[in-house]
Amino acid sequence: VTSPPTEPIGIALLGCGVVGSGVVRILAEQRELLRRRTGLTFDVRHVVVRDVKKHAEHAGILPLSTDAQAAIDDKRVWIVLELMGGTDVTGELIERALRLGKPVVTANKSLLAEKGTQLFSLARQHETCIAFEASCGGGIPIIHALSTGLLANRIDALVGIVNGTSNVILTRMTRSGWGYEQALDEAKQLGFAEADPTLDVSGRDAAQKLAILASLAFNVQVAEADIHVEGIELVDAVDITFARELGYVVKLLAIAERRDADRLSLRVHPTLIHADDVLSDVAGSFNAISVWGHALGHALFYGRGAGQMPTASAVVSDLIGVALGTTPLAFKRLKIFPDTTAPADVLPFEQLETRSYLRLTARDVPGVLAEIAEALGRNGISLSAVLQHEVDRGQHVPVVITTHLAREGSMRQALREIDALTTVRPPTVCLRIMDQPKEFGVS
Ligand SMILES: NC(=O)c1ccc[n+]([C@@H]2O[C@H](COP(=O)([O-])OP(=O)(O)OC[C@H]3O[C@@H](n4cnc5c(N)ncnc54)[C@H](OP(=O)(O)O)[C@@H]3O)[C@@H](O)[C@H]2O)c1
């Protein structure tokens with residue numbers, strides 16, 4: 001295991017942007033608190049950036065440079081904090097540090113989702129470790145909980161709101177009745193969405209985080225490609241309104257559930273959840289992760305899922321865990337990390353049994369509802385509720401249907417048949433419904 005550091009602990013900080021500058025702030029402003037609590041002191045030996053000129057306010061205060069390799073190789077550096085982002089260059093730099101036996105703390109979910117297994121394995125070969133609390137849920141200590149606090153539990157499900165941007169947009173659409181584009185524009189103006197928000201609104205960012213969280217929770221290797229992903233781009237304000245009428249709220253959920261013995265259902269998609277589910281109250285840029293452990297039951301981890309100081313909080317906690325030796329010991333001893341576990345047995349999405357919300361645009365003529373019900377019935381799908389507002393005869397009208405549990409593959413087939421009806425204007429909208437576990441049912 002990584003040998004104990006000599007004091008003060010030498011740090012190479014790769015990246016001093018949003019998160020990196022938060023780490024610098026905590027280490028400077030809380031130096032005394034950290035020393036008192038942990039007995040440790042830290043010395044930032046290098047701060048590596050792309051362009052030193054951009055950091056004029058730190059000139060002469062921070063040891064700025066652009067040479068990441070030299071920073072990593074420096075003998076005075078005991079630990080490397082990777083807060084640059086990106087995968088190719090960053091992956092090589094992390095490998096370099098690990099080969100030197102230096103522990104790495106990273107916030108980089110994209111890199112871990114892509115190469116986590118190889119990097120963990122490399123760390124193990126060189127008797128060091130990787131800490132990655134900040135990669136999921138920003139400041140929420142969910143990695144620590146899954147790898148320590150919940151160890152006694154067989155985890156049965158993990159359901160998270162883990163993408164702040166999507167949650168900001170859906171919250172605005174829900175509360176103000178805005179359309180997607182208007183809500184996205186506001187999120188950009190307020191700094192909650194990037195100029196190119198694709199990674200966030202497509203559900204990919206949530207899927208990368210789910211890959212990391214599910215690997216730890218279920219002790220299997222989960223690749224991003226194992227996860228069925230749908231984003232929020234096509235969520236229409238009208239569906240949010242209908243959902244509310246039926247008692248539901250629409251959220252982008254990252255879901256990992258144990259189904260059929262040890263098979264895992266892994267998915268990210270807009271989901272209707274009951275208005276009395278605790279996740280329905282998670283608003284704006286907040287994140288929350290619901291975990292069901294067989295012994296504990298339900299636990300909710302809630303907090304700021306991104307931002308300078310919350311994310312830096314997670315990075316500094318990791319730094320301390322590594323320096324104290326608790327993180328390296330857990331990394332060495334526990335068989336929960338993806339390089340020590342088998343690939344996940346993933347339930348194909350078409351085989352998933354789920355409830356659905358359908359919105360059809362149908363012509364209000366005699367027999368249309370019967371035709372739709374027949375198409376569903378032919379595929380073994382039964383209706384739970386039907387909602388239609390009054391319109392003039394012969395007009396096109398939205399018809400909303402919720403179903404009982406049905407296989408996703410059967411639903412796809414039924415939708416093809418429904419969209420082929422002359423009385424229906426395709427495409428029919430289909431969102432999944434997630435019922436809360438009984439424990440939290442309304443009595
Ligand atoms: N922002 C959040 O709220 C948040 C939350 C959770 C996780 N994360 C993760 O944390 C990481 C950092 O995010 P961030 O928001 O802090 O990014 P950021 O503000 O863009 O900062 C990136 C920093 O890395 C430096 N950098 C980038 N590429 C470099 C290279 N090739 N060589 C040297 N320096 C390089 C940049 O230098 P310059 O300053 O010269 O441009 C900048 O200082 C990412 O992996 C991100 O996914 C971020």
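Please state the charge dipole magnitude for the chain, taken about the Cα centre, from unit charges on C-beta atoms (+1 on K and R, -1 on D and E), reported in debye and rounded to the nearest 20.
Roughly 1120 debye, rounded to the nearest 20.
Count charges around residue 428 for me, please; just the other residues with Cβ under 10 Å from its Cβ, Lys/Arg as +1, Asp/Glu as -1.
Spelling it out: positives minus negatives among the neighbours equals +2.
How large are Rg and Dmax for the stretch 197-292 when calculated on the C-alpha trace, in angstrom?
Taking only Cα atoms of the stretch 197-292, I get Rg and Dmax of 13.9, 40 Å.
Choose one answer from 184, 246, 216: the residue with the largest mean-square fluctuation in a GNM of the chain with alpha-carbon springs under 10 Å.
246
Determine, for 224, 181, the number of other Cβ atoms within 10 Å of each Cβ, and report the residues in order from fewest to most.
If I rank by nearby Cβ atoms, fewest first, I get 181, 224.
Just the number, please: Stokes-Einstein D of the stretch 1-56 in µm²/s, Kirkwood Rh from C-alpha pairs, 37 °C, 0.692 mPa s.
Stokes-Einstein gives a translational diffusion coefficient of 263 µm²/s.
Let me check the size of the stretch 84-207 from its C-alpha atoms; what are the radius of gyration and Dmax in Å?
For the stretch 84-207, the Cα radius of gyration and maximum Cα-Cα distance read 17.6, 54 Å.
Roughly what would the spin-label model give for residue 404 and residue 61, points 7 Å off Cα along C-beta, in nm?
Distance between the two pseudo-spin positions: 6.5 nm.
Placing one identical point scatterer on every Cα of the stretch 1-101 and ignoring solvent, what is log10 I(q)/I(0) from the Debye formula at q = 0.13, 0.21, 0.22 Å⁻¹?
Taking Cα atoms of the stretch 1-101 as identical point scatterers yields -0.46, -1.15, -1.24.
Using the Karplus curve 6.51 cos²θ - 1.76 cosθ + 1.60 with θ = phi - 60°, work out ³J(HN,Hα) for each residue of the stretch 206-217 in order, rounded to whole Hz, and write x for Gly and Pro.
5, 5, 5, 5, 5, 4, 5, 5, 5, 4, 6, 5
Taking the Cα atoms of the stretch 161-239, what is the range of coordinates along each of the three principal axes, in descending order and whole Å?
41, 26, 17
At a 10 Å Cβ-Cβ cut-off, how would you order 412, 96, fewest neighbours first?
Neighbour counts put them in this order, fewest first: 412, 96.
Hey, how much of the P(r) for the stretch 325-443 falls beyond 23 Å, as a percent of Cα pairs? Show your work: numbers first, answer last.
Values: 3303 of 7021 pairs.
The proportion of pairs with Cα distances above 23 Å equals 47 percent.
Starting from 0.36 nm per residue, how many nanometres of slack lie between residue 50 and residue 309 once their C-alpha separation is accounted for?
91.1 nm
Whole-Hz Karplus ³J(HN,Hα) for the stretch 145-158, in order, using 6.51 cos²θ - 1.76 cosθ + 1.60 and θ = phi - 60°, x for Gly and Pro?
4, 5, 9, 9, x, 9, 4, 6, 9, 7, 7, 9, 7, 9
Quick check: the angle from helix 18-29's long axis to the longest principal axis of the chain, C-alpha only, nearest 10 degrees?
50 degrees
Based on the alpha-carbon gyration tensor of the stretch 259-326 and its eigenvalue square roots a ≥ b ≥ c, which shape applies: rounded if a/c is under 1.5, prolate if not and a/b is larger than b/c, or oblate? Write down the numbers at each step before the final one.
Working: a/c = 2.27, a/b = 1.39, b/c = 1.64.
Note, shape of the stretch 259-326 comes out oblate.
Go ahead and estimate [θ] at 222 nm for the chain from helices alone: -39,500 (n - 2.57) per DSSP H run with n ≥ 4, summed, over the residue count, rounded to 500. Write down the numbers at each step before the final one.
Values: 14 runs with 154 residues, N = 443.
Taken over the chain, the calculation gives -10500 deg cm²/dmol.
I need the Debye-formula profile for the stretch 104-177: one equal scatterer per C-alpha, no solvent, reported as log10 I(q)/I(0) at q = 0.16, 0.22 1/Å, two decimals.
After summing over all Cα pairs, the log10 values are -0.76, -1.11.
Convert 10 °C to kelvin, take the viscosity as 1.306 mPa s, use the Kirkwood radius over C-alpha pairs of the chain as Rh, and evaluate the Stokes-Einstein diffusion coefficient in µm²/s, rounded to a whole number.
68 µm²/s
For the stretch 306-377, what does the alpha-carbon gyration tensor say about shape, rounded, prolate or oblate, given a ≥ b ≥ c as the root eigenvalues, a/c under 1.5 as rounded, and a/b over b/c as prolate? Each step should come with its number before you reach the end.
Working: a/c = 8.33, a/b = 2.52, b/c = 3.31.
Verdict is oblate for the stretch 306-377.
Can you sort 301, 242 by how many other beta carbons sit within 10 Å, fewest first?
Working: 301 19, 242 22.
Ranked by crowding around the Cβ, least crowded first: 301, 242.
Skipping prolines and chain starts, which residues have an amide H placed within reach, meaning under 5 Å, of the one on residue 252, given they are 5 or more residues away or on another chain?
271
For residue 32 and residue 393 in one chain, what is 0.36 nm times their gap in residues minus the Cα-Cα distance, to one decimal in nm?
Fully extending the segment from residue 32 to residue 393 adds 122.5 nm.
Order 422-428, 209-215 from most to least packed using the mean count of other Cβ atoms within 10 Å.
On the way: 422-428: 15.1, 209-215: 27.1.
Top to bottom by mean Cβ count within 10 Å: 209-215, 422-428.
Given springs between every Cα pair under 10 Å in a Gaussian network model of the chain, which of 164, 138, 60 has the largest fluctuation?
Among 164, 138, 60, the largest GNM mean-square fluctuation belongs to 60.
Using the beta-carbon distance between residue 189 and residue 74 and R0 = 41 Å, what value does 1/(1 + (r/R0)^6) give for FRET efficiency, to the nearest 0.05?
On the way: r = 42 Å, r/R0 = 1.02.
After rounding, the FRET efficiency stands at 0.45.
Here, each number is a calculation from the coordinates, and none is a lab measurement. Note that the structure is predicted; figures quoted are calculated from it, not measured. Cβ coordinates were reconstructed from backbone atoms using ideal geometry, including for glycine residues, and neighbour counts include every protein chain displayed.
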